Each structure stands twice: as C-alpha cells, then as structure tokens.
Amino acid sequence: MNDAVLEIVGAGKSYRDYSSTWWRAAGWLTGKPSHFFDNWVLRDISLAVRRGEALGVVGRNGAGKSTLLKLVAGTLTATEGSVVTRGRVSAILELGMGFNPEFSARDNARHACGLQGYSRAAIDQMLGEANATSRERESAQVNLLGETTVREPALPVVDEWTVPDRLSHEFDAIGFYLSAHPLDEFATTLADGVASEVAALDPVIADAAEHWRIERMNVMDRLILRLALYEFVHQPETPAKVIINEALELARTFSGDESVRFINGVLDAVRRKLQRE
C-alpha cells in the first residue's frame, strides 16, 4: 500500500457516554474516568485510495460518513487504528465553509490557497492563469452584467412616469432623484419605453395574470412586470431566462416570496404566449 495517498487500517471512532454529568466531572478531576460506556460511531474501517482513484462513501443518515471524512481531514482523531494521508488534504465539510462573505472571490481564493500551503508566488500564478482563461467569457458578458445593475434604479423612475395624476411637486422630486442618481442609457431606455407603452403593456400582463386586475396588483409587482415585459418585446438580444431571473431578483429585494412566485408565473405565461426564448 505504499503507493496509496490515503491509507486507513482498522480505524474506529468512539465517544464516551457517562451515566451522569457528575461521573463525567469526576473523571475530569481525578483523571480516572468510570461509569461510562463507549459509543462506537465507526469501527474496523480499512481502505486505501491510490493516486488518480476516486472513492465515494454511501450510507444512511448516522452511518458515520461525516465522521470518516473528518478522520481523513484530521479534524478528528481515531480512537483506534490508523489514518495516513500523503499529500495535501482539502476538506469541504459543509457548504460555504472557509469562505468569508466580506471578502471578494479573489481574496477568498488567496485565503484558501494560503491555508493549503501554497506560496504567494504560486497563488499569483494560478490566479493569473484563471483570470486569463475567463477574460474572454467576461468580455462577452460585460454588457449583460452592466444592464442588470441598472434595472433597480429604473424602478422609481418608472413608478413616477407611469402614474398620470402625480402632483407637480412629485415630478420635482423625481427630477431631484435623477440629478442625484443619473441613469445610464439602458436604464433610461427602459424607463422611457415603459412610460410610453404602459397602455399596451398592461393588457398583456392582465391577460397572463388571469384573475388579477392590473390596478389591484401590488405596486412593486406591477412595475417589475412592466419592465420585464418591455424587455421581452424590445430587447430581443436578451434571453428570456435572464429577463425573468432579473425580475425575480428585484421581487426578492423589494417584495417577498409570494411576489416571486406570482411574477414568475405571469412572466412564464407571457414568455410562452410570445414564444420568447
């Protein structure tokens, strides 16, 4: 087994269960534990994995799969037997483990590589290669990503411009908003387009929503649906899936789960009716 990168021989893991917390404390104080029994989670596990091989561990809940992986990762010590690894061991014991949400993706990558023992020069080289590989893809997506960031500020503008009986001071307010938050060309196109075609957009939305009248809909849901429908019709280069996903993100941000389900259903009906892909 000398060529094995992972070698487990007769490994087992047990946890002591005491008859009471008093006996547990007495064992800690005296160094002579008693009145306990060993609860074996794993026992007599032997296996070897050679370079290039892959191994899957399958079992019922509570069978000890995670305990075995923790023994391999070194976060637990075997009660009996031996666990020998040769090379680096990277363990993802739960989703998101090791990632700091306050770090950028690149900083998280540097941190993870550093924990695995890579030098700064090696990390810079790997990230440089990854950046070069993805640069072409990023350039192809940059326009689309740029557009997704401006749908949100377009919402209050559409709200103001699609309500005919706004008071004059409210128009002054939206003018102030635009001076403080100038919209780019894409957002301006959306806002202008929805405002000019709201009379044509609303019947399509109402038809897809079946039993919902447009004036009875949640204000934010109505605005999001108008933006998405306008993109369906006038932005043929944007895939329908992207438009729907961005609408759902707006709904999650400004409404709630019920609105997400409602908007998804309406837009899917519109997509099928328009035969939009």
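Here are the numbers for this structure:
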read-out	value
Inter-centroid distance (Cα atoms) of segment 1-39 relative to segment 200-277, Å	59 Å
Nearby lysines by direct alpha-carbon distance to K241 (threshold 22 angstrom, same-chain neighbours under 8 apart not counted)	K273
Distance between modelled label sites at D44 and H234, nm, 7 Å Cα→Cβ extension	7.5 nm
Centre separation in Å (Cα based) which lies between segment 184-199 and segment 43-78	58 Å
Potential extension, A25-T75 segment - 0.36 nm per residue separation minus Cα distance	15.5 nm
Residues K241 and R216, FRET efficiency given R0 of 22 Å [Cβ-Cβ distance, rounded to 0.05]	0.20
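The numbers here are math on the coordinates, done by the rules we state, and not lab data. From a predicted model like this one, the values you see are computed outputs, not experimental measurements. Neighbour counts are summed over all protein chains in view; Cβ atoms, including those assigned to glycine, are modelled from backbone coordinates with ideal geometry.
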